[in-house]
Amino acid sequence: MPPPLPKDIEEILSSLGESENKRVQEYILSLGTTNDVEDTTAAAAAADNEDYAVPHYSGSGEDYEKQSELKRKAADAKNDGKLEEALQLYNEAVEAAPPSALLYANRSIVLVQLGHFPAAELDCKLALEQNPDSAKALKTRGKLRYQHLQDWEGALRDLGQAQSIDFDPEVADILKELTKKRVEKEKEEAEERIRKEEALRKKAEDIKKAQEEAKREADEEQARAASASMGAGGMGGGMPGTGGMPDMGGMGGMPGMGGMGGMGGMPSPNMMAGMMNDPEIKEAMKNPKVMNAFKELSSTPGGPMGLMSNPGKLQEMMGDPEVGPFMNLLMKKMMGGGGGGGFPAGGNSSGDDDMMPDLDDMPDLE
């Protein structure tokens with residue numbers, strides 16, 4: 001079937017005699033420019049796509065005999081390549097009586113060939129509203145969406161449904177290409193989803209890491225501030241928060257020690273300040289838990305030695321894996337194990353640990 005010629009070219013040809021018209025037509029075909037002519041025709045019609053409209057049934061006529069005759073003539077004109085004439089005849093047929101789905105589908109084919117794509121898509125829609133299983137309307141719209149409207153997903157749906165109704169080898173080839181595109185699209189969507197999930201996971205990890213780092217820095221800063229306060233200026237008049245250690249002169253003895261007669265009192269402030277500068281004490285005080293235990297110890301009447309009157313509390317602190325070693329260290333240094341002084345001589349002035357109770361061997365008081 002020869003391709004349609006532009007309307008102005010057809011008018012020029014029609015003004016020629018029959019023999020001249022035929023010679024010009026044959027010459028155009030011999031030049032092998034038919035594809036260019038068809039593309040030019042479609043391009044010219046497509047320029048007016050948005051404004052182009054065809055008539056639709058108004059409900060005023062029911063002349064089915066006239067409609068049948070018009071459809072026959074339109075089909076003949078279409079087969080002869082006279083697309084403008086075919087379109088005019090189909091328009092008159094639509095207005096003559098209520099149009100069928102097939103009439104709309106046939107007119108849509110001519111509209112596609114003339115480049116009126118939105119109008120053709122509308123005719124397919126009207127045909128499918130009357131007959132959802134119209135294979136011709138589905139094929140026409142599917143090809144239209146695939147070749148001209150860049151709606152390949154819509155084309156895949158239409159042509160897949162049409163193929164299930166009426167198999168067409170040409171449609172089968174198009175469906176292979178569309179299926180390949182669908183697989184590629186799904187792969188791209190999956191990769192994009194994975195990228196987004198990975199970005200969200202990394203963001204959550206970064207937030208968690210930042211929170212943990214901020215907490216660690218806050219704990220270290222708190223420990224440094226407390227150590228500086230007690231070591232540099234908080235021991236001048238006694239242990240922080242106590243207003244000075246009370247004089248414990250004349251203690252009758254500690255529970256379980258058989259007496260430490262005549263203790264002259266707790267270590268002097270200078271001795272306590274010296275212990276706070278002791279490298280082992282300072283290192284232990286970096287542990288926030290040890291720091292909190294020390295604060296609690298400082299608020300106990302009598303300080304570390306005052307805990308002897310509260311064996312339950314002493315047992316709890318000594319049983320803690322982090323606080324217990326610090327208590328042992330502190331008690332040893334206060335009893336003369338390296339704190340810069342020691343208690344005044346009570347019954348043992350040698351400074352060794354023989355008279356200090358072994359806190360690791362205290363009985364379980366629970």
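Region 65-137 holds helices (runs of 4 or more DSSP H) entirely within its bounds, and those carrying 2 or more residues that are over 21 Å from residue 171 (Cβ atoms) map to 83-96, 117-130. Inside region 146-160, residues that are in contact (Cβ under 8 Å) with a residue 24 or more places away in the chain and either over 17 Å from residue 117 (Cβ atoms) or in a helix (DSSP H, G or I) (or both) make up a count of 4.
Selection over region 297-333 of residues that are at pLDDT below 75 and in a helix (DSSP H, G or I) gives a count of 9. How many of the residues making up region 76-85 are within 55 Å of the chain's Cα centre (by Cα) and either free of Cβ contacts under 8 Å to residues at least 40 places away in the same chain or not assigned by TED's automatic domain parsing to the domain that holds residue 119 (or both)? Residues meeting the conditions: 1.
The values are calculated or read from the model by the stated rules, or taken from the named source; none is laboratory data. Worth saying up front: this structure is predicted, and the values here are computed from it rather than measured. All Cβ positions, even for glycine, are placed from backbone atoms using ideal geometry, and neighbour counts span all protein chains on display.
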